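Participant: One structure coming up, written as structure tokens, with questions to follow.
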Amino acid sequence: MAEKLHRIIVTGGAGFIGSALVRYLITETPHRVLNIDALTYAGNLSSLASTAHSDRYAFVRANVCDGLEMSRLVAEFQPDIITHLAAESHVDRSLDGPAAFIETNVVGTFTLLQAAHDYWKALPAGRREAFRFHHISTDEVFGALGDEGHFTEATAYDPRSPYSASKAGSDHLVRAWYHSFGLPVLITNCSNNYGPYHFPEKLIPLMIIKALAGEPLPVYGTGGNVRDWLYVDDHVRALVAVFERGCVGESYMVGGSSERTNLAVVHTLCDALDRLRPRADGASYRGQITFVADRPGHDFRYAIDASKLRDTLGWSPQESFESGIAKTISWYLDHESWWRDILSGAYRGERLGIAQ
């Protein structure tokens with residue numbers, strides 16, 4: 001348990017990583033949490049059913065682009081920490097509709113920074129010194145790696161998609177508010193997350209659900225693109241370590257040290273499902289794999305060097321890819337009602353991001 005009680009705003013707390021953070025804060029710490037989420041397509045309050053009745057948790061439906069509402073909520077809740085996760089986050093969607101990504105990720109971050117700065121300036125000295133604005137970002141802002149090397153906190157930005165460009169822009173805004181106005185900020189850039197409650201347009205949940213439905217498993221290109229996979233609960237522990245003990249103005253890389261090609265990930269999922277939920281015909285789910293045209297501008301490889309986080313704050317991932325993926329598959333098998341409710345809505349598992 002944390003020694004000091006904090007009042008924490010989590011933006012985007014009904015999304016995948018945000019809801020995992022809220023669940024952790026309510027179940028594992030004494031902190032009070034205000035969850036601000038616009039409940040767009042990927043926001044799901046059912047992911048927070050276990051926290052909904054806590055007297056330390058509150059939810060407000062609001063958009064981070066609404067400056068008056070952000071200022072009001074921040075002033076009323078009086079946070080010690082703002083953790084900013086509200087974002088459009090799917091690369092393929094950013095190819096189909098970039099405008100929403102610029103609006104939420106860039107304009108929304110600017111709007112929240114303005115509200116946080118006005119609030120922070122008016123705090124008494126002790127609280128002003130203790131306040132933190134924690135911006136959660138992605139490794140995709142750094143572009144693509146070749147066969148070797150890792151992203152570090154010193155890696156130059158080189159975004160390649162509307163999504164990663166919008167997140168790079170938000171990172172730069174956060175740093176500007178630190179250097180120009182003194183706002184005490186922290187930034188984390190994480191690798192690909194996976195785990196329970198993941199919206200099923202992302203690779204791992206999408207492959208699980210399509211496999212169970214007997215549908216083709218679409219793999220981009222040859223499946224050789226590499227990602228560094230991070231179990232979401234490990235990411236959450238890193239976030240808490242950073243906003244509780246991180247150095248103001250610093251950025252921290254968060255990765256799972258679990259590089260896998262996309263095809264290897266799909267093979268792992270198929271082999272696990274062969275054991276846990278065999279097909280009626282006895283064939284392997286690998287037979288459903290179908291190679292499709294690659295995503296435009298598909299970055300070849302991401303990999304994180306998280307040694308700064310490990311050496312300065314004592315964090316390391318608790319889950320290997322094998323243990324984390326086993327937990328993830330079991331969760332999706334045991335919680336079909338959660339993802340079937342999503343599939344009954346606007347998203348049906350169709351391919352996104354093919355607009356040219």
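Participant: Would you mind checking the radius of gyration and Dmax of segment 1-156 based on alpha-carbon positions, in Å?
Facilitator: Spelled out, the Cα radius of gyration and Dmax of segment 1-156 are 16.5, 51 Å.
Participant: Counting Lys +1, Arg +1, Asp -1, Glu -1, what net charge surrounds residue 153 among other residues with beta carbon under 14 Å of its beta carbon?
Facilitator: -2
Participant: Something else: Using only the alpha-carbon atoms, how far is helix 67-77 inclined from the longest principal axis of the chain? Give it as 0 to 90 degrees, nearest 10.
Facilitator: Approximately 70 degrees, to the nearest 10.
Participant: Now, a different point. Hey, what D do you get for segment 62-154 in µm²/s if you plug the Kirkwood alpha-carbon radius into Stokes-Einstein at 20 °C and 1.002 mPa s?
Facilitator: Working: Rh = 15.2 Å.
Rounded, D is 141 µm²/s.
Participant: Please express the Cα-Cα pair-distance distribution P(r) of segment 170-295 as a list of whole percents, one per 5 Å bin, running from 0 to the bin with the greatest distance.
Facilitator: Calculated over all Cα pairs of segment 170-295, the distribution is 2, 10, 16, 16, 15, 12, 9, 8, 6, 4, 2, 1, 0 percent.
Participant: Additional query: Excluding residue 141 itself, what net charge comes from residues whose Cβ is under 13 Å from its Cβ, given Lys and Arg +1 and Asp and Glu -1? It would help to have the intermediate numbers written out before the result.
Facilitator: Numbers: positive: 160, 167, 175; negative: 139, 140, 153, 158, 171, 299.
Combined, the nearby Lys, Arg, Asp and Glu give -3.
Participant: While we're on this one: Could you give me the radius of gyration and the Dmax of segment 180-241, taking only the C-alpha atoms into account and expressing both in angstrom?
Facilitator: Calculated on Cα positions, Rg and Dmax stand at 16.4, 55 Å.
Participant: Right, something else. Just to confirm the number: angle between the C-alpha axis of helix 16-28 and the first principal axis of the chain, 0 to 90 degrees, nearest 10?
Facilitator: Helix 16-28 sits at roughly 60 degrees to that axis.
Participant: Now a separate question. Based solely on its DSSP helices, what 222 nm [θ] is calculated for the chain when runs of n ≥ 4 H residues each add -39,500 (n - 2.57) and the sum is averaged over all residues, nearest 500 deg cm²/dmol? Kindly include the intermediate steps, with their values, before the conclusion.
Facilitator: Details: 13 runs with 142 residues, N = 356.
That comes out to -12000 deg cm²/dmol.
Participant: Which order do the peptides 252-260, 56-64 come out in when sorted by mean C-beta neighbours inside 10 angstrom, highest first? Kindly include the intermediate steps, with their values, before the conclusion.
Facilitator: Values: 252-260: 23.2, 56-64: 17.7.
Highest to lowest by the protection proxy: 252-260, 56-64.
Participant: Further, regarding this structure: Would you mind computing Rg(Cα) / (2.2 N^0.38 Å) for the chain, counting N as its residues?
Facilitator: Numbers: Rg = 19.8 Å, N = 356, 2.2 N^0.38 = 20.5 Å.
Ratio of Cα Rg to 2.2 N^0.38 Å: 0.97.
Participant: Give me the one-decimal Kirkwood hydrodynamic radius in Å for segment 229-356, with the sum taken over alpha-carbon pairs. Walk me through the numbers before you get to the answer.
Facilitator: Details: mean 1/r = 0.0564 Å⁻¹.
One decimal place: 17.7 Å for the Kirkwood radius.
Participant: By how many degrees, between 0 and 90 and to the nearest 10, does the Cα long axis of helix 262-276 differ from the longest principal axis of the chain?
Facilitator: Long axis of 262-276 versus the principal axis of the chain: about 70 degrees.
None of the figures in this text is laboratory data; all of them are computed from the coordinates on show. The shown structure was predicted, so the numbers you read here are calculated from the model rather than taken from an experiment. Cβ: placed from backbone, ideal geometry, glycine included. Neighbour counts: every protein chain shown.
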